[in-house]
1. With the contact rule set at Cα under 8 Å and sequence spacing of 6 or more, what percent relative contact order holds for chain B?
2. Rounded to the nearest 500, what is the 222 nm mean residue ellipticity of chain A from helices alone, with -39500 (n - 2.57) per DSSP H run of 4+ residues and division by all residues?
3. Say each of residue A:15 and residue A:172 gets a label point 7 Å from the Cα, pointing the same way as Cα to Cβ; how far apart are those two points in nm?
4. Put a dot 7 Å past each Cα toward the Cβ at residue A:27 and residue B:118; how far apart are the dots in nm?
5. At a cut-off of 10 Å², which residues of region B:167-216 become less accessible once all protein chains are present than in their chain alone, using a 1.4 Å probe?
6. Can you classify region B:34-181 as rounded, prolate or oblate using the Cα gyration tensor, where a ≥ b ≥ c are the square roots of its eigenvalues, rounded means a/c under 1.5, and otherwise it's prolate if a/b beats b/c and oblate if not?
7. Report the antiparallel proportion of the DSSP beta bridges in chain A as a percent, rounded to a multiple of 5.
8. If you place +1 on the Cβ of every Lys and Arg, -1 on the Cβ of every Asp and Glu, and leave all else neutral, what size is the dipole of region A:94-152 about its Cα centre, to the nearest 20 Debye?
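The values are calculated or read from the model by the stated rules, or taken from the named source; none is laboratory data. Just so it is clear, the structure is predicted and the values come from calculations on it, not from any experiment. Glycine gets a Cβ as well: all are built from the backbone with ideal geometry, and neighbour counts include every protein chain shown. SASA here: full protein model, heavy atoms, side chains in, ligands and nucleic acids out. Shrake-Rupley method; radii C 1.70, N 1.55, O 1.52, S 1.80 Å.
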Amino acid sequence: MLLRVEGLATHYGRIRALEGVSLTVGAGELVTIVGANGAGKTTLLRTISGLRPVTAGRIRFDDRDITHRPAAERVRLGIAQVPEGRRVWGPMSVEDNLLLGGWTRPRGELATSLGEIYALFPRLAERRRQPAGSLSGGEQQMLAIGRALMAKPRLLLLDEPSMGLAPRLVETIFATIADLRQRGTTILLVEQNAFAALSLADRGYVLESGRVVLEGPAAELLADRRVQAAYLGL
Amino acid sequence: MAGDLLQFLFAGITVGAIYALIALGFSLVYSASHVINFAQGEFVMLGGMGTVFAAAAGLPLPIAALAALVLAVLAAMGLERLAIHPARDAGLTGLVIVTIGASILIRGLAGIVFDRNFHTLPALSGDAPLLVAGATLHPQALWILAATLLVALALWLFFARSLTGKAMLAAAVDPLAAELAGIDPRRVVLWTFALAGGLGALAGFLVTPLAQTHFQIGVLLGLKGFAAAIVGGLGSAPGAMAGGLVIGLVEQLTAGYLSSAYKDAVAFVVIVLVLLLRPSGLFGTRAIERV
Ligand SMILES: Nc1ncnc2c1ncn2[C@@H]1O[C@H](COP(=O)(O)OP(=O)(O)OP(=O)(O)O)[C@@H](O)[C@H]1O
Ligand SMILES: [Mg+2]
């Protein structure tokens, strides 16, 4: 397994946000985490990236214990995240956003990677000199994904990439994720749009109040009565 | 009369450049960490007093200035590591109090380790005044202007052209996103303090031949630099430069045409006016949080 999370707990002060969360992501898999507002999805991804301290449990990446490793080291090991709300650096140019995504990599390799990202997202190439903040929401999401890819991740964490986008753009984003996966990128996708996420994923986990309440192959979860009632509006 | 005006303008631009260097320290630190560092003036004092005492100990002037620079940089980094970072959750007001406490401590130590007398340094190109269109210009003023312009250019190149500079900007704009890219915001804050310490020391070294130095010189110079940073918009580097010039010019024109008794009050009047009329400053994009 590329990523193995075991019995993870995380707190905000004395408030427990995650409790006993265990999950795995194998190389080449697309795994999704679905759950309602406040279930702890963002907290989970931030803990995996090393932005939140772990209060119990372990995180293993590529058979290495990274539970207490600093965030920058996790990026170097190959974990990149597209944060909730995109969080591009608005005043800085599109190209600078991308280049900084490759901050942990040798400078000499950045030009090549930049070319690859521009090939993947031609819109970004057209707007390379514009401030990132002037892009549309969909373009900013492309940029946020491109920035994470500049780190050459072995595991890509995506936090609600479809949030706040018009339906047509949501489709584009999911097509992009399908495309990335086709190219062999391992992805852990957090989504409130459970139907779209489960339709695309190999496996899924359902998170409720900081705990995993259901898990299994995505097709089984899509067919599950409880999932349908709670998350698919069926 | 025209000669007088030119004289006041020269003086205003010269002190303005010093205030600009100090204001840059305030602004860089504020944008990286949202800390208003009221110990910034003490770095200026360390730059002046440190050079004086290192030179008195027998070091050649350039080496003495370098030693003082290192001292101020270490003081700034120590302040960040030992006081600011541990208190990072104290909020804006709490951190302001921490920096004020640190400035009192640094001043107190300087009064003991150095002394409590006024000192000066030899001007870099002597004291023979240059005559320009009926006004006199101290050669040290040219050094001050040249050094300030050079610093501005170097900072601009660093932040606009180098990836490291851009990473520091990114950490200021959104530390969480920076951390996800593997940029360590803590290190960025630490190095920004170091930079602010160096800028302060440079200002202290350059101004001492004209204004003398003293263990308490940092109080007033720090407040002038703070006023300049506020005028320009806290967090904006071009604003800090412009704000320095504004404070320097208004101050010297007031001293020239009204009375030098009002000179030091000017900075505070300007702060109040700016906060009332345009809280984001001349170049700033957002108002600072209320203290
Ligand atoms: N900075 C914080 N301080 C205190 N509590 C927090 C903080 N961030 C999140 N929480 C709490 O932790 C819990 C999980 O929040 P989290 O943001 O991880 O949920 P989420 O599943 O990502 O929700 P959403 O779908 O709205 O993004 C919530 O109860 C939330 O109120
Ligand atoms: Mg969330």
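1. Values: 523 pairs, mean separation 102.9, N = 291.
Relative contact order of chain B: 35 percent.
2. Result for chain A, helices only: -10500 deg cm²/dmol.
3. 3.5 nm
4. 7.4 nm
5. B:167, B:169, B:170, B:173, B:174, B:176, B:177, B:179, B:180, B:181, B:182, B:183
6. Values: a/c = 2.29, a/b = 1.37, b/c = 1.67.
In terms of gyration-tensor shape, oblate.
7. Looking only at bridges with both residues in chain A, the antiparallel portion is about 55 percent.
8. Working: 8 positive and 6 negative charges, 15 e Å.
Roughly 80 debye, rounded to the nearest 20.
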